[in-house]
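S.K.: Please see the structure below; I have some questions.
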Amino acid sequence: MQPTLPLTLPTPFTISHIEPENYRTVTIVLDGQIDAYPGQFIMAWLPRFDEKPFSLVSANPITLMVTAVGPFSRLVHALQPGDRLWLRGPFGRGYHRPATQTRLALVGGGYGVAPLLWLAQTTLPEVDSITAVIGARTAADLLYADRFQQLAAQHSHLTLLTTTEDGSAGITGRVTDALLPLATTHALDGIYACGPHGMLAALQTLGQQYQIPSQLSWEAYMRCGIGICGACEHDGQVLCLDGPVLAHAA
Ligand SMILES: Cc1cc2nc3c(=O)[nH]c(=O)nc-3n(C[C@H](O)[C@H](O)[C@H](O)COP(=O)(O)OP(=O)(O)OC[C@H]3O[C@@H](n4cnc5c(N)ncnc54)[C@H](O)[C@@H]3O)c2cc1C
Ligand code: FES
């Protein structure tokens, strides 16, 4: 194991093992740890190619979930145990739960599920209830539902709901369809989410409608990761420093 470091320069880590999650997503476990908390991200570098941000699935050991959608992520998928991946970080502002919020919804769309399992694990001992809502287009696109199910088997105050747009698993529809009954019955104190912009915007609107504050992890194109280049500007904020998790009042 390498020491815990805040990494200002890309530092190589060796891949310990790789777990397939679905037809285009893997979980990659590296041989090191990092001092971070849920919602923060690292920059992963493949020398002479590119560098991209990824949420931390776990800090100890460093674990990433990578969905193969383009050139960089496909190259990461070609790596094998024993190969190296270079990391900088951790960066950004993650999730911060106010003590007053004890009934939470954790909502993940697509690979947005990545930081939420760790958030659930660290938050479960401190809250009254967590409803995890995992949404995807189809059953084959759902991620980490099995891992959340295992956690729910150990913690009776964790409930898992899944949604698919085509109805092939769970509730037919979107994550907001699963959340609406909880919102209308005032069963939630906070919404913690990560996923595509459209999903986050819908959750922000739902939160405002039912007076539920939200903490949403917004994705942006990132280059420096440290607030210099401006690539990740969003509504006057740089998401690599001020986010990716932004707190939205009810
Ligand atoms: C803070 C932050 C955290 C991130 N965390 C993760 C993570 O945990 N896991 C992860 O896989 N990616 C994550 N990403 C996205 C990641 O940084 C890259 O954008 C992604 O790997 C695609 O890079 P690429 O070069 O392979 O493809 P690109 O050429 O950048 O993208 C190819 C196409 O796919 C679209 N696209 C990008 N990502 C996805 C996706 N996951 N699903 C569907 N379409 C997509 C793009 O809009 C584009 O049209 C995160 C991004 C940010 C900003
Ligand atoms: S990535 Fe450069 S300012 Fe955020």
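Just so you know, all these numbers are worked out from the coordinates, no wet-lab data involved. Bear in mind that the values here come from a model prediction, so they are computed numbers and not experimental data. When we count neighbours, we look across all protein chains shown, and the Cβ atoms used for this are built from the backbone with ideal geometry, even at glycine.
S.K.: Give me the Debye-computed log₁₀ of I(q)/I(0) at q = 0.11, 0.20, 0.24 Å⁻¹ for segment 7-91, equal point scatterers on Cα only, no solvent, two decimals.
M.R.: Listed by q, the Debye log ratios stand at -0.24, -0.86, -1.30.
S.K.: Place +1 on the Cβ of every Lys and Arg and -1 on the Cβ of every Asp and Glu in the chain, take the dipole about the Cα centre, and give the residue among Pro213, Gln121, Thr67 whose Cα lies farthest towards its positive end.
M.R.: Thr67
S.K.: What's the local net charge at Ala201, with K and R +1, D and E -1, over the other residues with C-beta under 14 Å away?
M.R.: Working: positive: Arg174; negative: Glu219, Asp235.
In short, -1.
S.K.: Around Glu233, what is the net charge, scoring Lys/Arg as +1 and Asp/Glu as -1 over all other residues with Cβ under 15 Å from its Cβ?
M.R.: That works out to -2.
S.K.: Hey, another quick one. Please find the FRET efficiency linking Ala78 to Thr159, where r is the Cβ-Cβ separation and R0 is fixed at 51 Å, and quote it to the nearest 0.05. Present the calculation step by step, with values, prior to reporting the outcome.
M.R.: Details: r = 38 Å, r/R0 = 0.74.
For Ala78 and Thr159, the calculated efficiency is 0.85.
S.K.: Related question: Determine, for Ser58, Ser16, the number of other Cβ atoms within 10 Å of each Cβ, and report the residues in order from fewest to most.
M.R.: The fewest-first ordering by Cβ neighbours comes to Ser16, Ser58.
S.K.: Quick one: plug the Kirkwood hydrodynamic radius of the chain (C-alpha pairs) into Stokes-Einstein at 4 °C, 1.567 mPa s, and report D in µm²/s.
M.R.: In µm²/s, the coefficient rounds to 71.
S.K.: A further question on this structure: Tell me, in nm to one decimal, what length is gained between Ala139 and Leu9 on full extension, where the rule is 0.36 nm per residue of separation less the Cα-Cα distance?
M.R.: Residue separation times 0.36 nm, minus the Cα-Cα distance, leaves 42.9 nm.
S.K.: With only Lys, Arg, Asp and Glu charged, each at its Cβ (+1 for the first two, -1 for the last two), find how big the charge dipole of the chain is about the Cα centre; round to the nearest 20 debye.
M.R.: With only Lys, Arg, Asp and Glu charged at Cβ, the dipole is about 280 debye.
S.K.: Follow-up question, since we're still on this one. At R0 = 45 Å, how high is the FRET efficiency between Ile228 and Ala68 if r is their beta carbon distance? Nearest 0.05 is fine.
M.R.: Efficiency, rounded to the nearest 0.05: 0.95.
S.K.: Here's a follow-up. Relative to the longest principal axis of the C-alpha atoms of the chain, give the angle of the C-alpha long axis of helix 175-184, reported between 0 and 90° and rounded to the nearest 10°.
M.R.: Long axis of 175-184 versus the principal axis of the chain: about 40 degrees.
S.K.: With a cut-off of 8 Å between alpha carbons and a minimum separation of six or more residues, what is the relative contact order of segment 97-250 in percent?
M.R.: It comes to 20 percent, rounded to a whole number.
S.K.: Sorting Asp35, Asp189 on the 10 Å Cβ count, fewest up front, what's the list?
M.R.: Starting with the residue having the fewest Cβ neighbours, the order is Asp35, Asp189.
S.K.: Spelling out what I want: for every residue of segment 216-223, take phi, set θ = phi - 60°, compute 6.51 cos²θ - 1.76 cosθ + 1.60 (Karplus), and round to whole Hz; glycine and proline get x.
M.R.: Karplus values, whole Hz, x for Gly and Pro: 10, 8, 8, 8, 8, 5, 10, 10.
S.K.: Let me ask another. Hey, how many Å between the Cα centroid of segment 157-186 and the Cα centroid of segment 29-53?
M.R.: Using only Cα atoms, the two centres lie 31 Å from each other.
S.K.: Nearest 20 debye, what's the magnitude of the dipole of segment 7-91 about its Cα centre given +1 on Lys and Arg Cβ and -1 on Asp and Glu Cβ? Let's see the in-between values first.
M.R.: Values: 6 positive and 7 negative charges, 48 e Å.
Result for segment 7-91 is approximately 220 debye, rounded to the nearest 20.
S.K.: Return the sequence-ordered ³J(HN,Hα) values of segment 20-32 in whole Hz as given by the Karplus equation 6.51 cos²θ - 1.76 cosθ + 1.60 applied to θ = phi - 60°, using x for Gly and Pro.
M.R.: Whole-Hz 3J(HN,Hα) from phi for segment 20-32: x, 10, 8, 4, 9, 10, 10, 9, 10, 9, 10, 8, x.
S.K.: Test of understanding: ordering Phe148, Phe13, Phe72 by Cβ neighbours within 10 Å, fewest first, what list do you get?
M.R.: The order, fewest Cβ neighbours first, is Phe72, Phe13, Phe148.
S.K.: Now for a different question. Under 8 Å for C-alpha pairs, at least 6 residues apart: give me the relative contact order for segment 7-91, rounded to a whole percent.
M.R.: Values: 184 pairs, mean separation 34.9, N = 85.
After rounding, I find 41 percent.
S.K.: Next question, about the same structure. Between Gly195 and residues 5 or more places away or on another chain, which pairs have amide H atoms under 5 Å apart, with H built 1.01 Å from N, and which residues are they?
M.R.: Gly109, Ser217
S.K.: Restricting to the chain, compute how many DSSP beta bridges are antiparallel as a %, nearest 5.
M.R.: Here the antiparallel bridges make up roughly 55 percent for the chain.
S.K.: Taking amide H positions as placed in the peptide plane 1.01 Å from N, state which residues far from Gly190 in sequence (5 or more) or on other chains have amide H under 5 Å from it.
M.R.: Hits under the 5 Å cutoff: Arg103, Ala105.
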